[in-house]
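Asks: Handing you a structure now.
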Amino acid sequence: MIINKIKDYGILPVIREIELNHVIAAAEVLDLQKKSYRIEAELIGTEEIPPLKETFEQLQNCGETFMGYYIEGLLAGAVSFKKEGKVLDIHRMMVHPDYFRRGIAGKLLAEIERQDRQEIIVSTGAANTPAIKLYEKLGFVRQHDSVVGNGLVIANFKKES
């Protein structure tokens, strides 16, 4: 198990901002995004998820701040957000399928919660049970569901400081 190996050798994972203007960093994020959101697409029963259709150029120009979780130099997870006033809006949460259930999403969320803000908002597919359980476990409160596109139900969450 990689996490045990990291602990055994004293190599700690690193969380740091990802600079999408660097081609290699953006390519790593796009690859992670496709793999992670492919799993969500299976969970919610549709391929109509914007991150699955996003191009390299669109990603680089999205205007979001990205934080990455690196294990031995490999991008294992990432979160992106925009901040408007005191609201931190999470746009993407993604973990490489090889690293599921290792607490990476929770660690990334804990990192961005250090931002000066009054509330954090996030949305996910209402059928994405693992994501919903994670957000609820971390203190997010489901606000309402909305329907987008061709009937996709989105669960909207908020966490106040």
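Asks: Of the residues in region 17-36, how many are open to solvent by 80 Å² or more (accessible area, probe 1.4 Å), assigned to a helix (DSSP H, G or I) and within 13 Å of ASN61 (Cα to Cα)?
Replies: Of the residues in region 17-36, 1 are open to solvent by 80 Å² or more (accessible area, probe 1.4 Å), assigned to a helix (DSSP H, G or I) and within 13 Å of ASN61 (Cα to Cα).
Asks: Could you list all residues from region 146-159 that are over 12 Å from VAL122 (Cα atoms) and of a type outside the set (Val, Ile, Thr)? Give the steps one after another, and end with the answer.
Replies: First, the residues of region 146-159 that are over 12 Å from VAL122 (Cα atoms): 146-153.
Passing the criteria: SER146, GLY149, ASN150, GLY151, LEU152.
Asks: Next question, about the same structure. Any idea how many residues of region 150-159 are farther than 19 Å from ILE39 by Cβ, of a type outside the set (S, T, N, Q) and loosely packed, with under 14 Cβ neighbours inside 10 Å?
Replies: First, pick out the residues of region 150-159 that are farther than 19 Å from ILE39 by Cβ: 150-151, 156-159.
Filter once more, so that each one left must be of a type outside the set (S, T, N, Q): 151, 157-159.
If we keep only those that are loosely packed, with under 14 Cβ neighbours inside 10 Å as well, we get 151.
Total meeting the criteria: 1.
Asks: Across region 40-70, what is the number of residues that are free of Cβ contacts under 8 Å to residues at least 60 places away in the same chain and not in a loop (DSSP other than H, G, I, E, B)?
Replies: Residues in region 40-70 being free of Cβ contacts under 8 Å to residues at least 60 places away in the same chain and not in a loop (DSSP other than H, G, I, E, B): 17 in total.
Asks: Going through region 37-67 one residue at a time, which ones are among the polar types (S, T, N, Q), touching a Leu at 6+ places or on another chain (Cβ under 9 Å) and open to solvent by 50 Å² or more (accessible area, probe 1.4 Å)? Reasoning before the result, please.
Replies: The first filter runs over region 37-67 and keeps only residues among the polar types (S, T, N, Q), leaving 46, 55, 58, 60-61, 65.
After this cut, where a residue has to be touching a Leu at 6+ places or on another chain (Cβ under 9 Å) as well, the list is 46, 55, 60-61.
Those that are among the polar types (S, T, N, Q), touching a Leu at 6+ places or on another chain (Cβ under 9 Å) and open to solvent by 50 Å² or more (accessible area, probe 1.4 Å): THR55, GLN60, ASN61.
Asks: In addition: Within region 128-154, which residues are farther than 17 Å from GLY106 by Cβ and part of a loop (DSSP other than H, G, I, E, B)?
Replies: Once the filter is applied, which keeps residues that are farther than 17 Å from GLY106 by Cβ and part of a loop (DSSP other than H, G, I, E, B), region 128-154 yields GLY149, ASN150, GLY151.
Asks: Moving to a separate point now. For a quick check of your reading of the model, give me the residue pairs whose first member lies in region 19-35 and is at negative phi, whose second is open to solvent by less than 80 Å² (accessible area, probe 1.4 Å) and of a type in the set (Gly, Ala, Ser), with beta-carbon atoms closer than 7 Å and at least 6 apart or on different chains.
Replies: GLU19/ALA25; LEU20/ALA26; VAL29/ALA78; LEU32/ALA78
The values are calculated or read from the model by the stated rules, or taken from the named source; none is laboratory data. Values in this document were obtained by computation on a predicted structure and should not be read as measured data. Glycine also receives a Cβ, built like all others from the backbone with ideal geometry; neighbour counts cover every protein chain displayed. SASA here: full protein model, heavy atoms, side chains in, ligands and nucleic acids out. Shrake-Rupley method; radii C 1.70, N 1.55, O 1.52, S 1.80 Å.
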